[in-house]
Amino acid sequence: MKHNRMRAHFTGILVLLFAGVGQVIFAQESHIGGLTGEGSRGKQLYRRYCVGCHGPLGDGRGENAPWIDPKPRDFVTGTFKCRSTPTGALPTDEDLYKSVTRGFVNSNMPSWLPLTKQQRADLVAYVKTFSSSFREEKPPSPLSMPSESAANQQSIQSGNELYQKMNCWSCHGKEGRGDGPSAQTLVDNRGYPIPPYDFSVGTRFKCGESNQDLYRILMTGLDGTPMPSFANGLTPAQAWDVVHYIRTLQMNVKRKKQTAENEKKDRGESKPVGAQPE
Amino acid sequence: MRTRINYLKIGVTAALVLLTAHGAGTRTLRAIGTSSEAREDTSGAATLSGIVKLEGSQPVATRINMAADPACLKMHSAPVMSEEVATGTNGALKDAIVYISDGLGNRTFDPPTEPVVFEQKGCTYNPHILGMRARQTLKVANSDPTTHNIHPAPQNNREWNLSQPPGSSPIEESFAREEIIPVKCNVHPWMKGYIAVFKHPYFAITTKDGTFDLKNVPPGKYTIEAWHEKYGVLTQKVTLETNQTRTLEFVFKR
Amino acid sequence: MLLRLRAAVIFILVLGVVLSVRQPAHAIPAFARKYDLPCSACHEAWPKLNDFGIAFRDRGYQLGNEKDSPIWQNPSYWPITFRITPEWHRESSSNQVVDTVPGNPALGQIYQDVTTHGFDFSGLDIWAAGTLYKDISFSVLPSADSSGSFHFENVFVRFDNLFRTRWLNLKLGKFELDNLVSEKRMLFLSSNGGFYQVYHYTPFREVQFRASNPPIVQFNPVFGIGDNQLGVELSGHSENSYARYSVALLSSNEGSPGLPNRTYDWWASFNQGFAVGKLGVQRVGAFAFFGQRPTFFNTSFGSPVLSEGLGNKSLYRAGLTGLFYIKKVDFSTVFVHGWDNVFLGTGTAANAPLPVGARGPTWNGGFVETHFTYSPQLVFVQRNEIVRMSRQVFRTDPRDLGDIDAFSFGLRYYPFMFSRAGLALHTEYSLVRSYKSASPLPTSTSPFGPDLRSSSVFIGLDFAF
C-alpha cells in the first residue's frame, strides 16, 4: 500500500514535470503550406545539423563560429536577411523555410534540401524559439510583387539611371564590381566587415537567383547588413528596371542566352530574362 | 489502488492549475504593457539640472572628407567637422545625454502624440543626437539632393534599413524599447548619429554650454547617468525631495 | 584426399585472414574541417551517411556554395584524415581440427574450440580527399593492415555536373561500387561482424574446389560487392539525391592493380528515396552485377602468364536494397541472389571436363540491420544475416552445405561530436554459423564436417582525425 502511494506521488510529479516541459517545447510551431513544423522535433535536428555554427543557444556562437566568414546568423536578435516582409519586420515561416532549403551562396550555410520538407519545417519551428520576437510579434504580410515588366532597352536604361540616383554605386561600384567608394567601410550588425555584392563575378544572389528574388532583395533590404530596403524610394516599376539593369552587370551569367532572351523581349515576348544556369 | 488514483488526480489537477496560472500571468503582463496606470504627476515635483564637462585640453575635431559623393561635397563651402566631440567654453561638453536610468519603479508614461524629426541635411544628421520616447513617432526627413539610407543599429529593438532618395516624403517609424541606438548611412560612411529612446520623459541632451535640465521629476531615489558617444557613461545617485531643485556636475575624462 | 583437405583448411584460414583485415570505413574529418560542419551533419553515426551526407558525396564532395574550389581554402589546409582503432578483442572458433597430442599428428586429431584474445589494433587508413577544382574531386586512400603493409583502397578522380547536369558525373579509378547499403560505412568492426556475408559469399564447394586446383587455374575469381573495384563509373542524382543511379564498367580483377584481365564486368544500381511525412526518407533500390572470370591461364613453359586469363565464364549478383526510417530506429535491408557458372562453381578450367553431375551454384542471402540512434552521439546496432544455397553444385550435397547465419550487436558511443575529429567507443559481439563448413576429421567418411561457429567480442576506440 505504501509502495503504491509512493508511486502515485511520483506519477503526480511526473505529470507536473511534463506539463511544464511541454509548454516550453511545444511553444513554437511553423506553418509552411500544409505542413506544420514542431519545435520539439526541430530541436533534435538542430542539435545534429546546426549547433556547430549557430550554437546551442542559437546566438551564432557555435564552436565553429570563429573560423567562419560570414559569421553564422544570431537567431536571438530575430534579424534575418532574406525576407518577403518589409525591413525591420520578422520573416514569415515560408521565408525561413526557403533560407534553410536554399542555403546562402558564398557562405558556410549549405542547402538543406536533402532533408525532408517536414524536417525543414521542424527546424524553422525550432529556430523561432530562440528569439522572443516570434512570441511577441507576428510577421506582417509579405510585400506585394507586381508582375515583371518587359526587360527591354528602355527598362535597362531607366534602371541604369536609378542605379546612379539611388547611390547603389556608392557600395556596389559604377560597374557593379563591389568596389564603390563606401565598400571598404561596410560592416554588418555585429561589426564584422561585409563586402558589397560583386555583380560581375557572382551568378547567384544571397536570397535566390530569380528576378523575383532580386526584386525582393531590393524592396525588403537585407536586414543586419548595409543593404537597405528601397520600398520607400522606388516604385515597383522602377524596381523592375533596376533588376533588369543589374542583370546586365553579371559577366559570368551566360551572356549569349541572355542576349537572345533580351532580343525576344524587345520584340515584345515576355519570357522572364536571365534564367540562371545551375 | 484507490490512493494511487487519488494522487494521480491531484497531480493532473495541479498541472492544470499551473498551466492556467501561467496563462493568466502572461495576460496580466500584456495588460500592463498596453495601458498606462500612472499618469505624470507634477505636484511637488523636483527639478534636476546641471552641467556636463570634459576635463583636460579641448580635443580638435577631425575633418570629414565627403569626396566620395560629389552631391555632398557641393553643399558645403566650409570644411565639415566631425560632431563626435563638441565642446564649449570651460570644457562644457555638447551632445551628452543625461537621464534617469533607475528609480522610477513601475511608473509608465504615455508617449507624446507629436512626432520627433531626424533630418539628413548636408550629409550629416540634424540633430546629431536625437532624444525620443518609446513608441513615439519618428519622422526621418531627407533634405539633401542625394540618396541616403537610414540604418539604425539597435540591440533591443528591431533593426531596419531604408533607402531614402531626395525629395521623398519623410519615413515614419518608431521604437518600442528603451535604448541608445547608433544610426548610420552606409552610403555615406561618415554619417553617424544617435537616437536615444526612453520610456519616460526624464532625459536631456546637453547644449553647447554643456547644461541640462530635467523638470517635473517625482521625488524619490534615482540613478542618473550621463552618456557620451565617445567617453562612455558616468553614474550618480541622487535623492530628490518634494519641490527640491538640485544641480549635478558630470565630468568626463579624456 | 588428405592433401586436398589440407589445402581446403589452408584456404579457409587464408580466407579468414583476408576477411579479418577489416574494410576501411569512410569518415572524413578533413571535410568537417573544411566546411566547419559537425560529423553528425553528414553521418547518421559516422561512418554511416545520412541524407545530407549522401547528397554531399553525390555532388562530388561539394556543398555548392561557390566555396568548394580549393582557392577558397586557407593555404595551410591539407585534406588528410587518418583512422585507426586500438582495441581488445576475443576470437573463438568451434570445431577446429587439432592434434590429440600437440606436436604429434600421428596420434590422431579431434575437434576443439580455439579461442584467443588480447590487445590489438586495426589497420590504418590515411585518406586524402577533396576538390581539385570546382566540380572536380579526388580521393586517395592508402590503407595498411596492422603490420603496416600498404595497399591502395581507393584512388579516383571524379568529374561532376558534366554538360551542366547533375545526372552525369564520371569517376575513374578504384572505388566502392555505389549501392544503398555501404559496407565501407557499416557500424561493425569485428572480424566476424565487420563485413556483410552476402557481399562476399562464395559457395563452400567452390572454395573447396579452388583450394585444391593446380596454379594454372585462376586461384581467386571471387567477386565481392563490398570490394572496391577498378573501373569507370557514370552516376547521377536528383537535386536532393533522393533519386540516384550508377553504371560502372570494371576490370574483372577485383581491384588488384597491375593485373588487367582483358575482360570487363558491369555494375548498375538505382535507388529512390521517398519522404514519408514525419518518419523521414525511406529509400529503396536495386542493383545488378554481371561479370566474367577466366578459369585458367595461358602458360609459358608451364608457368601461368598471369594477365593472360582464358576460358572466361560468367557470374552474376542481383539484389534489392532498402533503408527504412521510423523516427530514431532505422533498418538497412539487403537481399542478394547469386549465381556462378558451373566451371567457376567447380573450379574447373574451361578446357577440362566438368565433374559428373555438376551444376552452377545459386544462392540467396540477405540481412536486416537495425540502428537505434538514441542521439547523434549514441547508436545501438544489430544485424541478422542469412545465406541459403538454393542450388548446390551436386545434387547429392546436403541442402544446407555452406549456408550461413550471422548475428551481431553492439553500440557506438561518441563522447563528443564536433567538426575537427571523431572518436567512438565501439563495442560489439558477433557470431557466425557456417553450416557443415568445418573440416572433416581424417577418420570421417563424409567429405563434410560439422557446423563452424565463429564469434568475436570487440571493444575498441575508433578514432579519426
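Tabulated data for the structure shown
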quantity	calculated
More than 15 Å apart - percent of Cα-Cα pairs taken over the range A:183-248	55 percent
Where only alpha carbons of the range A:153-266 are counted, the Rg and the Dmax (Å)	13.8, 45
Label point 7 Å beyond Cα of A:ASP69 along Cβ direction - residues of the range A:80-114 with amide nitrogen under 16 Å	A:106-109
Nearby aspartates and glutamates by direct alpha-carbon distance to C:LYS174 (threshold 12 angstrom, same-chain neighbours under 8 apart not counted)	C:GLU153, C:ASP227, C:GLU233, C:GLU254
Cβ-placed point charges (K, R +1; D, E -1), dipole of the range A:28-136 about Cα centre in debye, nearest 20	180 debye
Where labels lie 7 Å past Cα in the beta-carbon direction, separation of B:VAL251 and C:SER300 in nm	10.3 nm
Size of electric dipole in the range C:2-464: Cβ of Lys, Arg +1 and of Asp, Glu -1, about Cα centre, debye, nearest 20	620 debye
Which of C:ILE54, C:ILE71, C:SER303, positive extreme of dipole for the range C:2-464 (C-beta unit charges)	C:ILE54
Candidate aspartates and glutamates - alpha carbon under 13 Å from B:LYS230, same-chain residues fewer than 8 apart omitted	B:GLU83, B:GLU84, B:ASP95
Average silhouette area of chain C, convex hull of alpha-carbon atoms, in square nanometres	23.1 nm²
Inter-chain shielding of B:162-173 (mean C-beta neighbours from other protein chains, 10 Å cut-off)	4
Shielding score for C:438-449, defined as the mean number of other chain Cβ atoms within 10 Å	0
Charge dipole (debye, nearest 20) of the protein assembly as shown; +1 at Cβ of Lys and Arg, -1 at Cβ of Asp and Glu	1460 debye
Principal axis box of the range C:268-368, alpha-carbon based, largest edge first, Å	68, 31, 18
B:ARG107-B:THR223 pseudo-label distance in nm [points 7 Å out on the Cα-to-Cβ vector]	1.7 nm
Computed log₁₀ I(q)/I(0) - Debye formula, equal Cα scatterers, no solvent, the protein assembly as shown, q 0.05, 0.06, 0.07, 0.10 Å⁻¹	-0.46, -0.62, -0.78, -1.21
FRET efficiency estimate (nearest 0.05) - Cβ-Cβ, A:LYS174 to A:THR235, R0 25 angstrom	0.55
On Cα atoms only, tilt of C:2-20 relative to the major axis of chain C in degrees	10 degrees
Spherically averaged projected area of the range A:59-178 from its Cα convex hull (nm²)	10.2 nm²
Distance violations [Cα-Cα > 28 Å] among B:LYS53/B:LYS192; C:LYS48/C:LYS436; A:LYS98/C:LYS134; C:LYS67/C:LYS171; A:LYS206/C:LYS134; C:LYS184/C:LYS328	C:LYS48/C:LYS436
Listed residue (C:VAL114, A:THR203, B:PRO70) projecting farthest to the positive dipole end of the protein assembly as shown, Cβ model	C:VAL114
Per the protein assembly as shown, cysteines lacking a partner by the 4.7 Å Cβ criterion	A:CYS50, A:CYS53, A:CYS168, A:CYS171, B:CYS185, C:CYS39, C:CYS42
Where only alpha carbons of the range B:46-253 are counted, the Rg and the Dmax (Å)	18.0, 56
Separation in nanometres of the label points that stand 7 Å from Cα toward Cβ, at A:TYR192 and C:VAL247	4.5 nm
Anchor A:LYS174: aspartates and glutamates whose Cα lies under 19 Å away (excluding residues fewer than 8 positions away in-chain)	A:GLU161, A:ASP198, A:ASP241, B:ASP69
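A short reminder: the numbers here are calculations on the coordinates, not readings from a lab. Predicted model only: the values in this text are computed from it and were never measured. Neighbour counts are summed over all protein chains in view; Cβ atoms, including those assigned to glycine, are modelled from backbone coordinates with ideal geometry.
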